[in-house]
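Heads up: the structure comes next, in structure tokens.
Please treat every number below as a calculation from the coordinates, not as lab data. Given the structure is predicted, the values throughout are model-derived calculations rather than measurements. Don't worry about glycine lacking a Cβ; one is built from the backbone with ideal geometry, like all the others, and counts go over all protein chains shown.
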Amino acid sequence: GEAWGQILGDVAGMPPFLVTHLKAVAEDHKNGIFSAESDVVEHIGGQPPQSLAAFIRENRELFGVAQQESRA
């Protein structure tokens, strides 16, 4: 939404067209546009694709979120 657009717009060097694009992609993701599954990634890359949630969990520091200690 607008908060996401504001955050992106505040990133140094972020061009307005990229802010618009990323906002649209986020909205499409929220609405399930990218929920289709296929074997293309595995066929071309030789391994199954990683979900967006798994990628974010494994790379929180890339998004400015500190890794939390896991409690076993």
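Using Cα centres only, tell me the gap between the stretch 27-48 and the stretch 6-24 in whole Å.
Taking the Cα centre of the stretch 6-24 as reference, the centre of the stretch 27-48 is 24 Å away.
Describe numerically, in nm with one decimal, the distance between label points set 7 Å from Cα along Cα→Cβ at SER51 and at LYS23.
Simple spin-label model gives 2.9 nm for this pair.
Of all GluC sites (Glu not before Pro) in the stretch 16-45, which ones are in loop regions per DSSP and have a Cβ with at most 12 other Cβ atoms within 10 Å? Spell out each step's value before the answer.
Values: sites: GLU27, GLU37, GLU42; in loops: GLU37.
Sites meeting the loop and neighbour criteria: GLU37.
Give me the extension gain from GLU61 to SER38: residue separation times 0.36 nm, minus the current Cα-Cα distance, reported in nm with one decimal. Could you put the intermediate results ahead of the total?
Details: separation 23, 0.36 × 23 = 8.28 nm, distance 2.90 nm.
Extra length from GLU61 to SER38 when fully extended: 5.4 nm.
Normalising by the residue count of the stretch 1-70, find the relative contact order in percent from Cα pairs under 8 Å and 6+ residues apart. Show your work: numbers first, answer last.
On the way: 23 pairs, mean separation 10.2, N = 70.
Computed over the stretch 1-70, the figure is 15 percent.
Among the chymotrypsin sites (Phe, Trp or Tyr not before Pro) in the stretch 1-37, which ones are in a DSSP loop with at most 15 other Cβ atoms within 10 Å of the Cβ? Mind listing them? Before the final figure, lay out the partial values.
Details: sites: TRP4, PHE17, PHE34; in loops: PHE34.
Those that pass, being in a loop and sparsely packed, are PHE34.
Let's see if you can work this out: charge +1 on each Lys and Arg Cβ, -1 on each Asp and Glu Cβ, no other charges. What is the dipole magnitude of the chain about its Cα centre, in debye to the nearest 20?
Details: 5 positive and 10 negative charges, 36 e Å.
Here the size comes out at about 180 debye.
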